[in-house]
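A quick write-up on the structure given underneath.
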Amino acid sequence: MAETMKAAVLHARENLSVEQVEMPTAGPGELVLRVDAALTCGTDLKVFRRGYHAKMLTLNRLFGHEIAGTVVEVGEGVVGFGMGDRVVPLNSAPCDECFFCRSGQQNLCDDLLFNNGAYAEFIRVPARIVEKNTLKLPEGMLFEHAALTEPLACVMRGLEESKAEVGQTVIVLGAGPIGLLFIHAAALMGMHVIAVVKRTDQVATAKKFGAEQVVRLADVDDPIAAARALTPEGRGADVVIEAVATPEAWQWATLMARKGGLINLFGGPPAGTTVSFDTNLLHYSDLTLKASFHHTPATARAAFELLCSGRFDCEVFITGAATLDEVPEVFGRMLVRPAEGIVPEIKTAIFPHKSFEQVHGAVAREKVPA
């Protein structure tokens, strides 16, 4: 009988369960990792809510993609990694042979290989990801901090594609996990960050992550005018990052940019969504509309270097912790926005090999209903 492990499996929309599945083994060029930490993600929440992902995941599959762990099995022919190495594998790797890879757009690779299964005790890392997109952790780096590499790599790609520069003014629409990553990364690179947020608690959070000024929607009659008023001479931002994924936010973003500015429509609304834009505004203001998707090996390394530098405040992004058995409950909570005054979690770290007591403490166990 094959050896088994526990893993979270997505069966349908909002149907996620932790089950016994077959233990992975390492084929040629592959690694098997013990999952030491995995992080919740807005993309995983969208997949959970919708039951699918256009690129990454179909039903009845292992779930989760932000991960760091320890090598427990090394496949034949693997070079550069050994037993016991602490590593962070990215969730994809390009082929480096197709038209898009040769054109410097590896994130659009025709054969982009994805890997899911972070919410599990162990995970197999395919040979291509081992070769192209797996990085060793420096001594002392926490696994949960290293697992931030993947979402930050997407943000670094977004800033790169937005031609972001030191001293520019950037407006970030949204203060969810990705919006906060944009705020923090942009602030660290020396941009002047204005955040546009919805919730009261997000005002303080956005400032903590580096926003110099914050517009809360309920506090102003016209969010577009309020955001533009905070830019130099009120002319609008050099770069606007949309990280909300709603048609209204996409429209607002075009109205917050200066003439000649760039708008990165980063948030991905559901398939079939349409948006209307003012064609005169786009044309006569010479605006650039850009949508950036995913990451590349180069931006993965840039993200990892920033995390390792000590400049990036990893600790404030990890606001919760849970065991593997609690994953369905965690995603159920993520579906419901907490009431005003209750600060929502940014990212929850999942620790598959820790007990409830190790994650929450013995006192917490006493409070759990029988």
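Some observations on this one:
- Max mean-square fluctuation residue, GNM over the chain, Cα-Cα springs under 10 Å, options Leu148, Leu335, Leu180: Leu335
- A simple charge model with +1 on the Cβ of Lys and Arg, -1 on the Cβ of Asp and Glu and nothing else charged puts the dipole of segment 163-290 at about 220 debye relative to its Cα centre.
- Residues whose amide H comes within less than 5 Å of that of Ala237, counting only those at least five positions distant or on another chain, are Ala257, Arg258 (H built at 1.01 Å from N in the peptide plane).
- Pairs with C-alpha atoms separated by more than 25 Å, drawn from the list Lys136/Lys207; Lys136/Lys347; Lys132/Lys290, are Lys136/Lys207; Lys132/Lys290.
- Compared with the dominant Cα axis of the chain, that is its longest principal axis, helix 247-256 is turned about 50°.
- The distance separating the Cα centre of segment 59-102 from that of segment 152-177 comes to 26 Å.
- 13 Å Cα-Cα reach of Lys46 towards aspartates and glutamates, excluding residues that sit fewer than 8 places from it in its own chain: Glu14
- Charge tally for Phe100 (other residues, Cβ to Cβ under 11 Å; Lys, Arg +1; Asp, Glu -1): -3.
- Over 25 Å [Cα-Cα, segment 163-290], rounded percent: 15
- Rounded to 10°, Cα long-axis angle of helix 177-188 versus longest principal axis of the chain: 70
- Cα convex hull of the chain, projected area averaged across orientations, nm²: 20.2
- Peptides ranked, highest mean first, by Cβ atoms within 10 Å: ranges 301-314, 228-241: 228-241, 301-314
- Here the contact order of the chain, divided by its residue count and restricted to Cα pairs under 8 Å and six or more residues apart, works out to 17 percent.
- In a simple Cβ point-charge model (Lys, Arg +1; Asp, Glu -1; nothing else charged), the chain has a dipole of about 560 debye relative to its Cα centre.
- Prolate/oblate/rounded label for segment 23-144 (Cα gyration tensor, a/c 1.5): oblate
- Selected from Leu217, His65, Val343, residue furthest toward positive end of dipole (the chain; charges at beta carbon): Leu217
A short reminder: the numbers here are calculations on the coordinates, not readings from a lab. Because the structure is a prediction, the values reported are computed rather than measured. Reconstructed Cβ throughout: ideal geometry from the backbone, glycine too, with neighbour counts over all protein chains shown.
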